[in-house]
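**Q** Please see the structure below; I have some questions.
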Amino acid sequence: MNEVTVGYVNETLSRYSDWFYATSITVYVIAMLMFLGSLAAARYAKIEDQAEAKELVGASVGGSSAGDRVPGKVADRTPRRSLGEKLAAMAYPVVWVGFAAQLASIVLRGLATERAPWGNMYEFISLTCLACVGAGLVVLRKREARPLLSFVLVPVVLLMFIGGRYLYTQAAPVVPALKSYWLAIHVSIISIASGVLLVAGVASILYLVRANWPTVDGADERATGFGASIRRLTAHLPSADALDRTAYKCTVIGFPLFGLGIICGAIWAEASWGRFWGWDPKETVSFIAWVIYAAYLHARATAGWRNAAAWVNVAGFVALIFNLFAINLVVSGLHSYAGL
């Protein structure tokens, strides 16, 4: 195949990069639906188990031996993998396929442009989502925690759709202000930290749901209303304590990385603009988000503040999303030069 290049841009590799990007979104959606299906299947399996248990109890009340009156019920209690467990087991490698496709998209974008492939909003979102999925695959690798990836993939798919549909730009060399080795250092660190902290935010949101709408066995399937619906949705997620630990682990990793990214950005700003800090909107909101996460870690280490700490972590999650979109796309500042 003949490769066509136009001004430092390999159009063939750029096209392949776009195809892999679209493929990764499709694969992520499939995996997300499989994980949600595993949660639904686990719920219905629980209903069937409860009905079977009631049948066994009723049979034992009517006679001396439940096994005599309900043939096969006791023998059928042998351990076996449920449909939900099978779906979750199949969905996990599917996420890895999507991760590999997205990684290929980013690498090909870099090869096509001969630069670090995160010089605009489209590329930055892709790298951030890749880091988010990668963190989720590592932190949620245990079998019982894997269904949480469905909730991690929700913001990933949404961000990637917005990036590909509304923020996409053709592969091209970056503007002169970004032609620096600090582009590869500063932006990559910030992007990876943001991806890890997004996982922490999702875990804290689910923790608050589990803590404020605890599951009540037996009554859930008959109850109605919003609270009952929330309980049924989250009944088969890990416990609130497990979700809290997941959020904490991710924040412990993401927080210092985010701080390091801010420091690298300040050094780059001094080299480019002659000052380390100028309270540019991007700098200001990044600092605010860093302070929020510092407050979360402090609150998390304080006895009796577990629930309040989760709310602080959610506030940091909101600050990250605001910093990603509103600051870059709406507010005018020095960080707006990269374009879309």
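**Q** Quick one: Karplus J couplings for the range 124-133, per residue in order, coefficients 6.51, -1.76, 1.60, θ = phi - 60°, nearest Hz, x for Gly and Pro?
**A** 5, 4, 4, 5, 4, 5, 4, 5, 5, 5
**Q** Here's a follow-up. Can you check what the net charge comes to around Ile185, using other residues whose Cβ is under 15 Å from the Cβ of Ile185 (Lys, Arg +1; Asp, Glu -1)?
**A** +1
**Q** Moving on. What distance in nm lies between label points placed 7 Å from Cα along the C-beta direction at Leu33 and Val318?
**A** Taking the two extended label points, one gets 3.3 nm.
**Q** Oh, and also: In nm, what is the difference between 0.36 nm times the number of residues separating Leu111 and Val252 and their Cα-Cα distance?
**A** Values: separation 141, 0.36 × 141 = 50.76 nm, distance 3.29 nm.
Extra length available between Leu111 and Val252 comes to 47.5 nm.
**Q** Sort out for me the Cα centre separation of the range 135-208 from the range 270-295, rounded to whole Å.
**A** That distance is 20 Å.
**Q** If packing is taken as the average number of other Cβ atoms within 10 Å across a peptide's residues, how do 18-28, 196-206 rank, most packed first?
**A** Output ranking for 18-28, 196-206: 196-206, 18-28.
**Q** Which residues' amide hydrogens lie under 5 Å from the amide hydrogen of Asn10, considering only partners 5 or more residues apart or on another chain, with H built in the peptide plane?
**A** Excluding prolines and chain starts, which carry no amide H, the hits are Thr113.
**Q** If I take R0 = 41 Å and measure r between the Cβ atoms of Lys179 and Met90 in this structure, what FRET efficiency does the formula 1/(1 + (r/R0)^6) give, to the nearest 0.05?
**A** Once the sixth-power term is evaluated, E becomes 0.35.
Computed from the coordinates by the stated procedures, all read-outs in this text should not be read as laboratory data. Every value quoted in this text rests on a predicted model; they were computed, and no experiment measured them. A quick note on method: Cβ atoms are made from the backbone with ideal geometry, for glycine too, and the neighbour counts reach across all protein chains shown.
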